[in-house]
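The values are calculated or read from the model by the stated rules, or taken from the named source; none is laboratory data. Everything numeric here is computed off the predicted structure, so don't read it as measured data. Please note: Cβ atoms are built from the backbone with ideal geometry, for glycine as well, and neighbour counts cover all protein chains shown.
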Amino acid sequence: AALRAVKRLHCPAGKRDTIFALSSGRGKCGVAVVRTSGPASGAALRSLTGQQELPRPRAVALRRILDPSSAETLDRGLVIWFPDTRYQSRHCPPGLSCPSATLALGGFTGEDCSELHVHGGPAVVGGVLQALGRLPGLRPADPGEFTKRAFQNGKLGLTEVEGLGDLIHAETEAQRRQALRQMEGELGQLYQRWSEELTKARSPSPPNPDWGLNAHALAHVEAFIDFSEDDNLEEGVLAQVDAAVQTLQEEVSGHLQDGRRGERLRGGVHVVIAGPTNAGKSSLLNLLCQRPAAIVSPVAGTTRDVVESALNIGGYPVVLSDTAGLRETQDIVEREGVSRARERLQRADVVLAVLAAVDVDPEPGRFADALRAVLPPGPPAQRAPCILVLNKADLLEEGRGGALLGACGEGALPPACLLSCKTGEGVDSLLSLLGTQLEQICLGSLGRYHGYKSLDLVLAAEELRLARRHLGKITGQVSAEEILDIVFRDFCVGK
Ligand SMILES: Nc1nc2c(ncn2[C@@H]2O[C@H](COP(=O)(O)OP(=O)(O)OP(=O)(O)O)[C@@H](O)[C@H]2O)c(=O)[nH]1
Ligand SMILES: [K+]
Ligand SMILES: [Mg+2]
């Protein structure tokens, strides 16, 4: 780590450093593969082979591999050179045959890459890695960094990255087939098409009457907002958009229902548990992930940091976060915890708002107040969907639970359920509510489009934009660093 830090210091900002790692498994094996990626890959290959001339691109060459600092032979092995063909001229002087421009760019990462296939003994591998580490501009790769670069250079979409991760972890044939399909971009292309149908260019001029039925719903609606008062809009445009959204909605819905839920992004949906102190938030986390991930105690303000757990809920990969109880406090550590909790709430895809049922006043006004304190700020249309969890139901008097749920139903509040983390009662209904919410995350936006359209076109356009953003997170079009980090976190070094 220290070496890495030092190397980073020497690497000017904006200029890519070159990474290297053992890409095959650790331990003794017949052949080990060491990869490099980045602008110094060619120089590294020259140094380690002791030859000025690089091998022919993408062809396997047998070379002596040596330690450039001592000129000592480390092994004889196979080397492969994958130049980044965007900068062909750098590697191929005029007159020499270069790979055609139609070849995929560079190696797996889209940069200059090299591979060294050496004998898999620890001394050989260790010697090669150390030799690489001593070269200027090279540093050991972080976990998943090769794949991350491939993604950043447009060689892989996010669904393909996920497919690759799945392929590496695949243990069954079904998993392997599925991973390969995903890697080939099947899912990514589908999401991309939906996304394009939802939006595309924001039209700066009056809409073209030739636009077909499926052409870009969002642009249509925005054009309607901008131009309808000038009477420039063709009759029936909105009806066309309605039909397009309806078709899309049916298609997305069908996709979610065809038993392919397991294909969802590994990174998962962010479900955030929030509520006042001592409501039982940490108890709920532990109940759902079936292990004591977070500390539970009767002391209010026990949880300060965000506690995360990755789990599968109804086939959906979920990242569940427990957060500090929301309250005003003088304790600076707890105050930091509360601010982290609020930040998490802002980024949540679904919020589980936990209240202790015994503390809740069923009088609708009070109820809504208690709930508001738990919800992220902002207008409902932009807020993550929420489930109200009335915990500690075991402490309620007979009949009080039903009254509470009734009060929720009347107050146009989010869906609610009674739960006891102590007895486990109610967890099934919570899970089924949560499953429905997960399914609705994208569909919901399309559905709300229909709801708003009759009232307010601006809100309707906003819903289309939200639907597009949800899709964009999956196809990698919208930058979503937190999703990236989770996807790449599961990769180990050398991938
Ligand atoms: N009777 C009963 N007690 C519960 C239930 N759930 C949690 N508790 C208790 O309530 C207390 C607080 O639980 P926690 O899970 O620590 O609550 P929290 O919301 O995480 O609290 P903070 O992290 O301090 O905000 C503990 O003593 C739990 O044992 C429940 O369903 N029934
Ligand atoms: K507590
Ligand atoms: Mg807690």
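Things to note:
- Test: Gly402 is assigned by TED's automatic domain parsing to the domain that holds Leu287 and either at pLDDT below 90 or assigned to a helix (DSSP H, G or I) (or both): yes
- Unique match (being within 13 Å of ligand 2 (Cβ to nearest atom) and under 21 Å from Ser432 (Cβ atoms)) among Leu284, Leu320, Leu288, Leu311: Leu284
- Restricting attention to the stretch 321-342 and to residues that are in a helix (DSSP H, G or I) and not charged (D, E, K, R), the residue that is surrounded by the most Cβ atoms within 10 Å (Cβ to Cβ) turns out to be Ala341.
- Filtered by the rule that a residue be more than 10 Å from ligand 3 (Cβ to nearest atom) and at positive phi, the stretch 278-335 gives Gln290, Gly314, Gly315.
- Hey, Arg264 more than 16 Å from ligand 3 (Cβ to nearest atom), touching a strand residue (DSSP E or B) at 6+ places or on another chain (Cβ under 8 Å), under 19 Å from Ser432 (Cα atoms) and modelled with pLDDT under 75 or not: yes
- Pairs, first touching a residue at least 40 places away in the same chain (Cβ under 8 Å) in the stretch 47-70, second of a type in the set (Phe, Trp, Tyr), C-beta under 7 Å, six or more apart: Pro57/Trp81; Pro57/Phe82; Arg58/Phe82
- Selected residue (only one of Ser69, Ser89, Ser100 is among the polar types (S, T, N, Q), more than 17 Å from Pro39 (Cα to Cα) and at pLDDT below 70): Ser100
- In the stretch 230-257, of all residues being over 16 Å from Ser195 (Cβ atoms) and among the small types (Gly, Ala, Ser), the one that is modelled with the highest pLDDT corresponds to Ala243.
- Members of the stretch 269-317 found to be outside any helix (DSSP H, G or I), within 11 Å of ligand 1 (Cβ to nearest atom) and touching a residue at least 40 places away in the same chain (Cβ under 8 Å), listed by number: Ile273, Ala274, Gly275, Pro276, Thr277, Asn278, Ala279, Gly280
- Of all residue pairs spaced 6 or more apart or on separate chains, those with beta-carbon atoms under 7 Å, a first member in the stretch 337-356 that is assigned by TED's automatic domain parsing to the domain that holds Phe367 and under 25 Å from Ser429 (Cα atoms) and a second member that is in a loop (DSSP other than H, G, I, E, B) and among the charged types (D, E, K, R) are Ala356/Lys392.
- Residue that is farthest from Lys281 (Cα to Cα) [pool: residues in the stretch 391-430 that are in contact (Cβ under 8 Å) with a residue 60 or more places away in the chain, more than 16 Å from ligand 3 (Cβ to nearest atom) and not aliphatic (A, V, I, L, M)]: Pro414
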